[in-house]
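Only one structure is covered here, and it is reproduced in the block below.
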Amino acid sequence: MKDQQVKLEMASRRRFLKGISAALGGLVVGAWLPPMAPKSAAAEAVAQGKASLGDSLADGFGAFVRVGHDGRVALISPKAEMGQGIQTGIAMMVAEELEVGLDQIDIQEAPPNAELYTDALLQFQATGGSTSTRYTWEPLRRAGATARMLLVRAAASVWETDSNLCHARDGKVFGPTGQKISYGELVDLAATYALPDDVILKRPEDFHLIGTPATRLDTPTKVNGQAKFTIDLDMPGMLITSARACPVYGGKVRQVDDKAARRVPGVRDIVILEDVVAVTATNTWACFQGLKALNIEWDYGANSKIDSAVVDQKLQDAIQRDGVIATEKGAIDASLQAASSKFEAVYEQPFLSRSPLEPMSCVVHVRDDGCDLWVGTQVPGFAQQTAAAVTGLKPEQVKVHNQWIGGAFGRRLDFDFITQAVRIASKVSYPVKLTWSREEDMTHDLYRPQYADRMTAAVNGEGFPVGWQHRIAGGSIFARYVGSLPASGVDPDAVEVAVDPIYKLDSLKVHFIREEPEVVPVSWWRGVGVLRSTFAIECFVDELAHNAGKDPLSYRKTLLAHKPRVLTALDLLASKVAWDSPVPRGRGRGLAVGEVFGSIVVTMVELSAIGEKGVRIERLVTVVDCGLVTNPTSVKAQMEGGTLFGLSAALFNEIDIKGGQVQQENFHAYRQLRISEAPPVEVHIVPSAEAPGGVGEAGTALIGPALLNAVNATFGDRVRRLPLVRSGYFIA
Amino acid sequence: MRKIIFGLLAYLLVCVDVMAVSSDKALVAEGEYLATAADCVACHTAPGEKPFAGGLAFELPFGTLYTPNITPDAETGIGDWTDDEFVRALQEGISREGEHYYPAFPYTSYTKMPREDILAIKAYLFSLEPVHQPARENDIGFPFNQRWGMYLWNFVFLDDKRFQPDLDQSEAWNRGAYLVNGPGHCGECHTPRNIFQATQSSELFAGADIGGWRAYNITSSDSHGIGQWSEDQLVSYFREGYAEGHGVAGGPMAEVVEYSLRHLSESDLRAIATYLKATDPKAVGVPRPAVKPKLAGAPLNEDLGSKIFADACVSCHQWDGRGNQSPTATLSGLKTVSDPRASNLLGILLEGNPASSLPVNHRMPDFGAIYNDQELAALATFVLSHFGRLDTAIEPEQVGERRSLSLH
Amino acid sequence: MLTLNVNGTTHQVDVPGDMPLLWVIRDILKLTGTKFGCGIAQCGACTVHMDGKPVRSCVLPVQSVAGQEITTIEGISEKPLARKVQRAWLDHEVAQCGYCQSGQIMSALALLNDQTSINDHAIDLAMAGNLCRCATYTRIREAIKDVSESVGVWQP
Ligand code: FES
Ligand code: FES
């Protein structure tokens, strides 16, 4: 039955493709991308959120490969480029199978032909959860291989020979007697064939592109100022707008005195919404000045009494309770009873802001008959839905033109700023470009929740855990994003990794204790649930090793005997850093390991102590096994950037609330790692032919625990709360 | 006939009314100007609250005071105060209930103002929208909460006299003297106080500490005061909060510029300058540093202070201390970088210069949140040695102490 | 009307004198390669050159730049050293999201223009004002080192 359905769908897809081929010319092959890959709760939530927004469109194609008459290959990518080199990776996969050079591929992100592409592309488009490579990798290769087979078949029929005797290379088909013919000359014929059912992919040993370092396709315009991000766009008749939302989440505008604002040269209109006041003007500075000149009286509402101390206390109370059981394996209560000793510790992580360097920005033109959005987003489908909801237009009347993204880290999985832009644009007749000030961006982010993890282990006579109880207290991103928790009552993101730790345990019990901060909305932050649980587990295991008087690396190896790939990665790290050699006086090394986003990562930090609390990072080494590597340069760049991104937060970052308001307004109060404090990140890749894993967030997830474990090794001080500076340490 | 008389009467009444209104308007405007010169709003407004509704905390050595609501709200403000009560408050420091004010309220200066000026201020305050905002209780420990003590204090320290012009001096000098010593109450910050918290008239304008900030010597001393400032430089400082070669107003002085001085007329600002330049020179306090010959560029040593300077400061200030974007960021030659106690240096590092009505190149972010005491001590030490050529090490404890000091 | 000299072209602009140069460049002259990141001179995204030295255009009132030569990222490609820097940026795969990179390149170029001897410490001092949220610092360092070596000013 199911098969039958799939066949029918395939048939209709083929017809659809024919239509596209006819419309565009050349040979067009669609890559039918499956829904989001599993193994990332974040990705699943995004998919579910789509459903909750009333998305009822049928599944469609995710990517298209088109070979033109000039032999150039256009790849219409389903993935937004956020800086991870995703599109280059995708292009490499297609080029590999299609047997063309990377320089023959043009990537198009925005659909060139809205009628044909928009719906099919938008509906399940989302970039996030480190899924891009993992979930596109096979279908894209398949699309490339399909096109190659059709082209070879066309050549064979021109030469009246068997296609098995022909082969493709460098954008040409070669025949048995040395004849050759370029793809461009074959596309019309190839486009008349039905799609083959049995597509054969190349074997890894035959790859000549995948696995080689390739230069990114999107970077040349990023070094000469030509790359246009959303904030850079200009449309005819467009004005700039900037907004101030109530400083307390949930508050409302009571009244506005705009006399002074209207006198600011360049200011056009003042738009007053329920919880937001916006100014439109001919330039951004006039907007900012206009906003400053507004005299707004707010009704702060219920949250205005809440300080960080209140949130802290509520979490401390929550962590003492039992929660909804996310998983239970073995008899933990008995284990704890019978254990020769027990160990318990509480780990805390603060609210965090994403703060990408490009402040939130969105260009909108709302008309009676439609709406256009130009925006860098990880979720163009939601952008379309929210614009439709605000304007009352039909989703198909809303066109989303996706743009380069000036950093996201989860920020652009949320579309609050898009909704706001559309609300403002609905009140005026002209297109507007919403640009938030940094202050607005930082105080109206959605924040990675503050969490407390209480871990209780039953320890055997040799000092190893036989099992542990892991209580996780904090807000639910999943519920905020999707609208409610799943029926289980457990936020799958919050307990990710915790319910399936890499260590061998006889018993395990994980509680999810939902304690909503209410005072701020919560959301994904680079590393998502994987990062939050890994932090607690890797600090805890390190403490257990320390308590047992054992070396933290060999201690972990004992608990990881069932994970050969992880052992290999640990051994590689040990050899790269000469783990067994003594550490110089005044120094210490910390370690963390995880199986995250389908990759295995081991991170080691070596610190030296400068005085009582001065920290110097001497060395930062990370080993990654992310399966088959498409582009080693990108993998390295992602591991470096991701690790330092995580380091920045682990050292410095925390969002404080006072009177319901976020206290950090700009980078002078929300410190970021600078080049002067960024150690070189040594990345070592484990050669592997396994299915590719994600790397965009893998480094981020491991650095926090590695850092705190290194602090303990260096200073003999077990810090259990991030960020490190909170405990008086500083970068010396 | 009666009708005509009535009509005439009505007409006359209307005329009188119109005249009353217009003279009221003038009085209110004059009051507004004087209230601005007296900077009432700075103290009688709590952050984020309505102007003049009070509630701003003053951390004084003997406890915390909260300023009262001076809007015309009858219940919580001064709405049903009589003229005499208001005048008595400003001239004698006595409240409506007969209690003595603490001299954080600068009635010791306001007492110089004549009754007409004080009533103009009252007229202005009464023209404002009444705000219902009850006063916060002061938090003052014994014996300072014994307000009768203030009776004695006033007896000794309050010079309950109106300003008397000196006919030997120019009109400008006299106007300046009135503004500085009366409504402007400059001496309240710039004159040292004795152990009874009274300003020392012998040290008039010689500089003092206030809430951790150092209010510099503003006598006409060439070496320590404003003797070498030109009149134009002084006026520019009052109007823009910046004078070339002398830096940007920071801390409480930035607020004085923002709320008070920059709104005064050119002639009044010149009058203030004239008067200050004619004060008795007193060579005490932080001396004016010589402008350094061109400083070398980036330092070669890798100390923490210069690292932080590179991270957070150099974008605006430059290694040679000459300011990068514009001369407002010049550090070389400023008292701030040559005061071995680093009072104002630490003040500006911790609190920044947030005055948002000022041009962008006058503002400075506060760095108290992201850098701890060790880091700021290292930074301050670097700045003093690099720009002030002082080999004074600032200790983390000093930063900690400076953090705990705050006026509000 | 203010007269501005940007990338060798003279422009007349009718803007308030206290408008930061950044917004004049971006919104009036439509040169959007120079980015906005913080507005308080803490991120370096808005770095341009004023008479060859790097300045943060977000805190620079436009009236104070009259008569000075302003160079933005769009105006550097003619210069051989700048092309070397851009090449090194590509060779070392520096950019991730790319948003900070105009500012990074302007700061790096100023360093290379200015210094006859560059080492790691000099890179730290010159580049510490430029934030990169994608944390591409490792590669920025390598790229600058590479150019320094090729023009013979690398002195570790
Ligand atoms: S925007 Fe100018 S330094 Fe950040
Ligand atoms: S490359 Fe993204 S901020 Fe630097």
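The values are calculated or read from the model by the stated rules, or taken from the named source; none is laboratory data. Treat the numbers as computed from the prediction; the structure is a model and nothing was measured. Every residue, glycine as well, gets a Cβ built from its backbone with ideal geometry; the counts of neighbours run over all protein chains shown. Each accessible area value is taken on the protein alone, full model and side chains, heavy atoms only, with ligands, DNA and RNA left out. Shrake-Rupley method; radii C 1.70, N 1.55, O 1.52, S 1.80 Å.
If you go through segment C:42-53 one residue at a time, do you hit one that is within 16 Å of ligand 2 (Cβ to nearest atom), open to solvent by less than 10 Å² (accessible area, probe 1.4 Å) and under 15 Å from C:Asn7 (Cα atoms)?
Within segment C:42-53, one or more residues are within 16 Å of ligand 2 (Cβ to nearest atom), open to solvent by less than 10 Å² (accessible area, probe 1.4 Å) and under 15 Å from C:Asn7 (Cα atoms).
Sort out which residues of segment A:531-569 are assigned to a helix (DSSP H, G or I) and among the basic types (Lys, Arg), and write them in order of number. Lay out the reasoning, then the answer.
Filtering segment A:531-569 for residues assigned to a helix (DSSP H, G or I) gives A:531-547, A:552-559, A:564-569.
Those that are assigned to a helix (DSSP H, G or I) and among the basic types (Lys, Arg): A:Arg532, A:Arg556, A:Lys557, A:Arg565.
Might you check whether a residue that is among the charged types (D, E, K, R), surrounded by 23 or more Cβ atoms within 10 Å (Cβ to Cβ), part of a loop (DSSP other than H, G, I, E, B) and within 16 Å of ligand 1 (Cβ to nearest atom) occurs anywhere in segment C:86-102? Please lay out each step first, then the result.
We begin by selecting, within segment C:86-102, every residue among the charged types (D, E, K, R); these are C:87, C:91, C:93.
From what is left, the residues that are surrounded by 23 or more Cβ atoms within 10 Å (Cβ to Cβ) are C:93.
Remaining after also requiring part of a loop (DSSP other than H, G, I, E, B): C:93.
The next check asks that each one be within 16 Å of ligand 1 (Cβ to nearest atom); those that pass are none.
Among the residues of segment C:86-102, not one is among the charged types (D, E, K, R), surrounded by 23 or more Cβ atoms within 10 Å (Cβ to Cβ), part of a loop (DSSP other than H, G, I, E, B) and within 16 Å of ligand 1 (Cβ to nearest atom), which makes the answer no.
Which of the residues belonging to segment C:103-124 are part of a helix (DSSP H, G or I), more than 16 Å from ligand 2 (Cβ to nearest atom) and of a type outside the set (A, V, I, L, M, F, W, C)?
Matches in segment C:103-124: C:Asn113, C:Asp114, C:Asp120, C:His121, C:Asp124.
Give the number of residues within segment A:280-314 that are more than 14 Å from chain C (Cβ to nearest Cβ) and buried (at least 17 other Cβ atoms within 10 Å of the Cβ). Steps first, answer last, please.
Going through segment A:280-314, the residues more than 14 Å from chain C (Cβ to nearest Cβ) turn out to be A:294-314.
Restricting the remaining residues to those that are buried (at least 17 other Cβ atoms within 10 Å of the Cβ) gives A:294, A:296, A:298, A:300, A:303-304, A:306, A:308, A:311, A:314.
Summing the residues that are more than 14 Å from chain C (Cβ to nearest Cβ) and buried (at least 17 other Cβ atoms within 10 Å of the Cβ) in segment A:280-314 gives 10.
For segment A:338-376, enumerate the residues that are open to solvent by less than 10 Å² (accessible area, probe 1.4 Å) and not hydrophobic (A, V, I, L, M, F, W, C).
A:Tyr347, A:Gln349, A:Pro350, A:Ser353, A:Arg354, A:Ser355, A:Pro356, A:Glu358, A:Pro359, A:Ser361, A:Gly370, A:Gly376
Looking at segment C:11-23, which of the residues that are under 24 Å from B:Cys313 (Cα atoms) and touching a Ser or Thr at 6+ places or on another chain (Cβ under 9 Å) is nearest to ligand 1 (Cβ to nearest atom)?
Going residue by residue through segment C:11-23, those that are under 24 Å from B:Cys313 (Cα atoms) are C:18-23.
Subset that is touching a Ser or Thr at 6+ places or on another chain (Cβ under 9 Å): C:20-23.
Working: C:Pro20: 8, C:Leu21: 10, C:Leu22: 6, C:Trp23: 10 Å.
Of everything passing the filter in segment C:11-23, C:Leu22 is nearest to ligand 1 (Cβ to nearest atom).
Output the residue which, of all residues in segment A:196-239 that are closer than 27 Å to A:Ala154 by Cα and open to solvent by 60 Å² or more (accessible area, probe 1.4 Å), is nearest to the other protein chains (Cβ to nearest Cβ). Talk me through it step by step, then tell me what you get.
The initial filter retains those residues of segment A:196-239 that are closer than 27 Å to A:Ala154 by Cα, namely A:196-210.
Now narrow it down to the ones that are open to solvent by 60 Å² or more (accessible area, probe 1.4 Å): A:197-198, A:200, A:203-206, A:208.
Details: A:Asp197: 39, A:Asp198: 37, A:Ile200: 32, A:Arg203: 28, A:Pro204: 23, A:Glu205: 26, A:Asp206: 26, A:His208: 20 Å.
Filtering first and then ranking leaves A:His208.
I'd like to check something: does segment A:575-583 contain any residue that is more than 19 Å from A:Ala698 (Cα to Cα), in contact with a Leu (Cβ under 8 Å, 6 or more places away or on another chain), surrounded by 17 or more Cβ atoms within 10 Å (Cβ to Cβ) and aromatic (Phe, Trp, Tyr)? Explain how you work it out, then say what you get.
Initial filter on segment A:575-583 (more than 19 Å from A:Ala698 (Cα to Cα)): A:575-583.
Subset that is in contact with a Leu (Cβ under 8 Å, 6 or more places away or on another chain): A:579.
If we keep only those that are surrounded by 17 or more Cβ atoms within 10 Å (Cβ to Cβ) too, we end up with A:579.
Checking which are aromatic (Phe, Trp, Tyr) leaves us with A:579.
Yes.
If a residue has to be more than 13 Å from ligand 1 (Cβ to nearest atom), within 11 Å of another protein chain (Cβ to nearest Cβ), out of contact with any Gly (no Cβ under 7 Å at 6 or more places or on another chain) and β-branched (Val, Ile, Thr) to count, how many in segment C:43-70 make the cut?
Of the residues in segment C:43-70, 1 are more than 13 Å from ligand 1 (Cβ to nearest atom), within 11 Å of another protein chain (Cβ to nearest Cβ), out of contact with any Gly (no Cβ under 7 Å at 6 or more places or on another chain) and β-branched (Val, Ile, Thr).
State all residues of segment B:171-198 that are over 17 Å from the mean Cα position of the chain (by Cα) and farther than 15 Å from B:Pro61 by Cα; if no residue qualifies, say none.
Within segment B:171-198, B:Glu171, B:Ala172, B:Trp173, B:Asn174, B:Arg175 meet the criteria.
Determine if segment C:74-83 includes at least one residue that is more than 16 Å from ligand 2 (Cβ to nearest atom) and open to solvent by less than 10 Å² (accessible area, probe 1.4 Å). It would help to see each step written out before you state the result.
Within segment C:74-83, the subset more than 16 Å from ligand 2 (Cβ to nearest atom) is C:74-83.
Adding the requirement that they be open to solvent by less than 10 Å² (accessible area, probe 1.4 Å) leaves C:76, C:82.
The answer is yes, given that some residue of segment C:74-83 is more than 16 Å from ligand 2 (Cβ to nearest atom) and open to solvent by less than 10 Å² (accessible area, probe 1.4 Å).
Can you name the residue in segment C:28-37 that is touching a residue at least 40 places away in the same chain (Cβ under 8 Å) and open to solvent by less than 10 Å² (accessible area, probe 1.4 Å) and, of all such residues, is farthest from ligand 1 (Cβ to nearest atom)? Give the steps one after another, and end with the answer.
Going residue by residue through segment C:28-37, those that are touching a residue at least 40 places away in the same chain (Cβ under 8 Å) are C:31, C:33-35, C:37.
Now narrow it down to the ones that are open to solvent by less than 10 Å² (accessible area, probe 1.4 Å): C:33-35, C:37.
Values: C:Gly33: 13, C:Thr34: 9, C:Lys35: 7, C:Gly37: 4 Å.
Only one residue tops the list, namely C:Gly33.
Kindly evaluate A:Val173 against the criterion of being more than 30 Å from C:Lys30 (Cβ to Cβ), open to solvent by less than 70 Å² (accessible area, probe 1.4 Å) and without any contact (Cβ under 8 Å) to a residue 60 or more places away in the chain. Give the steps one after another, and end with the answer.
Details: more than 30 Å from C:Lys30 (Cβ to Cβ): yes; open to solvent by less than 70 Å² (accessible area, probe 1.4 Å): yes; without any contact (Cβ under 8 Å) to a residue 60 or more places away in the chain: yes.
Against the criterion (more than 30 Å from C:Lys30 (Cβ to Cβ), open to solvent by less than 70 Å² (accessible area, probe 1.4 Å) and without any contact (Cβ under 8 Å) to a residue 60 or more places away in the chain), A:Val173 qualifies.
Go through (1) within 12 Å of chain A (Cβ to nearest Cβ); (2) under 30 Å from A:Lys613 (Cα atoms); (3) crowded, with 21+ Cβ neighbours inside 10 Å for B:Val360 and report which single condition fails.
All conditions pass for B:Val360, except number (2).
What number of residues within segment C:125-156 satisfy the criterion of being away from ligand 1 (no atom under 15 Å from the Cβ), under 17 Å from A:Pro680 (Cα atoms) and not in a loop (DSSP other than H, G, I, E, B)?
Summing the residues that are away from ligand 1 (no atom under 15 Å from the Cβ), under 17 Å from A:Pro680 (Cα atoms) and not in a loop (DSSP other than H, G, I, E, B) in segment C:125-156 gives 11.
Being part of a loop (DSSP other than H, G, I, E, B) and open to solvent by 20 Å² or more (accessible area, probe 1.4 Å) is the filter here, so list the residues in segment B:56-66 that pass it. Please lay out each step first, then the result.
Going through segment B:56-66, the residues part of a loop (DSSP other than H, G, I, E, B) turn out to be B:56, B:61-62.
B:Pro61, B:Phe62 - these are the residues of segment B:56-66 that are part of a loop (DSSP other than H, G, I, E, B) and open to solvent by 20 Å² or more (accessible area, probe 1.4 Å).
Anything in segment A:211-240 that is assigned to a loop (DSSP other than H, G, I, E, B) and within 13 Å of ligand 2 (Cβ to nearest atom)? List them, or say none.
Residues of segment A:211-240 assigned to a loop (DSSP other than H, G, I, E, B): A:211-219, A:223-228, A:233-238.
Of everything in segment A:211-240, those that are assigned to a loop (DSSP other than H, G, I, E, B) and within 13 Å of ligand 2 (Cβ to nearest atom) turn out to be A:Arg216, A:Asp218, A:Thr219, A:Val223, A:Ala227.
Exactly one of (1) over 15 Å from A:Thr435 (Cα atoms); (2) under 32 Å from the mean Cα position of the chain (by Cα) is unmet by A:Gly266. Its number?
(2)
With respect to the numbered conditions (1) in contact with a helix residue (DSSP H, G or I) (Cβ under 6 Å, 6 or more places away or on another chain); (2) within 16 Å of ligand 1 (Cβ to nearest atom), which one is the sole condition not fulfilled by C:Ile118?
(2)
I'm trying to understand the selection: among the residues of segment A:609-634, which are open to solvent by less than 10 Å² (accessible area, probe 1.4 Å) and more than 10 Å from chain C (Cβ to nearest Cβ)? Quick ask: steps written out before the conclusion?
Of all residues in segment A:609-634, those open to solvent by less than 10 Å² (accessible area, probe 1.4 Å) come to A:614-615, A:620-627, A:631.
Of everything in segment A:609-634, those that are open to solvent by less than 10 Å² (accessible area, probe 1.4 Å) and more than 10 Å from chain C (Cβ to nearest Cβ) turn out to be A:Gly614, A:Val615, A:Val621, A:Thr622, A:Val623, A:Val624, A:Asp625, A:Cys626, A:Gly627.
Restrict the check to segment A:452-466 and report whether at least one residue is open to solvent by 10 Å² or more (accessible area, probe 1.4 Å), of a type in the set (Asp, Glu) and farther than 17 Å from A:Pro356 by Cβ.
Yes, because at least one residue in segment A:452-466 is open to solvent by 10 Å² or more (accessible area, probe 1.4 Å), of a type in the set (Asp, Glu) and farther than 17 Å from A:Pro356 by Cβ.
Can you work out which of the residues in segment A:267-279 that are touching a residue at least 24 places away in the same chain (Cβ under 8 Å) and more than 16 Å from A:Cys246 (Cα to Cα) is nearest to the other protein chains (Cβ to nearest Cβ)? If you could, list the steps in order and put the result at the bottom.
Going through segment A:267-279, the residues touching a residue at least 24 places away in the same chain (Cβ under 8 Å) turn out to be A:268-271, A:273, A:275-279.
Filter once more, keeping what is more than 16 Å from A:Cys246 (Cα to Cα): A:268-269.
On the way: A:Arg268: 14, A:Asp269: 17 Å.
Out of the qualifying residues, it is A:Arg268.
Quick one: A:Glu496 ticks every box in (1) among the acidic types (Asp, Glu); (2) out of contact with any strand residue (DSSP E or B) (no Cβ under 7 Å at 6 or more places or on another chain); (3) farther than 30 Å from A:Val719 by Cβ bar one, so which box is it?
(3)
Checking C:Gly17 against (1) more than 9 Å from chain A (Cβ to nearest Cβ); (2) in a loop (DSSP other than H, G, I, E, B); (3) open to solvent by less than 10 Å² (accessible area, probe 1.4 Å), which single condition isn't satisfied?
Among (1) more than 9 Å from chain A (Cβ to nearest Cβ); (2) in a loop (DSSP other than H, G, I, E, B); (3) open to solvent by less than 10 Å² (accessible area, probe 1.4 Å), the lone unmet condition for C:Gly17 is (3).
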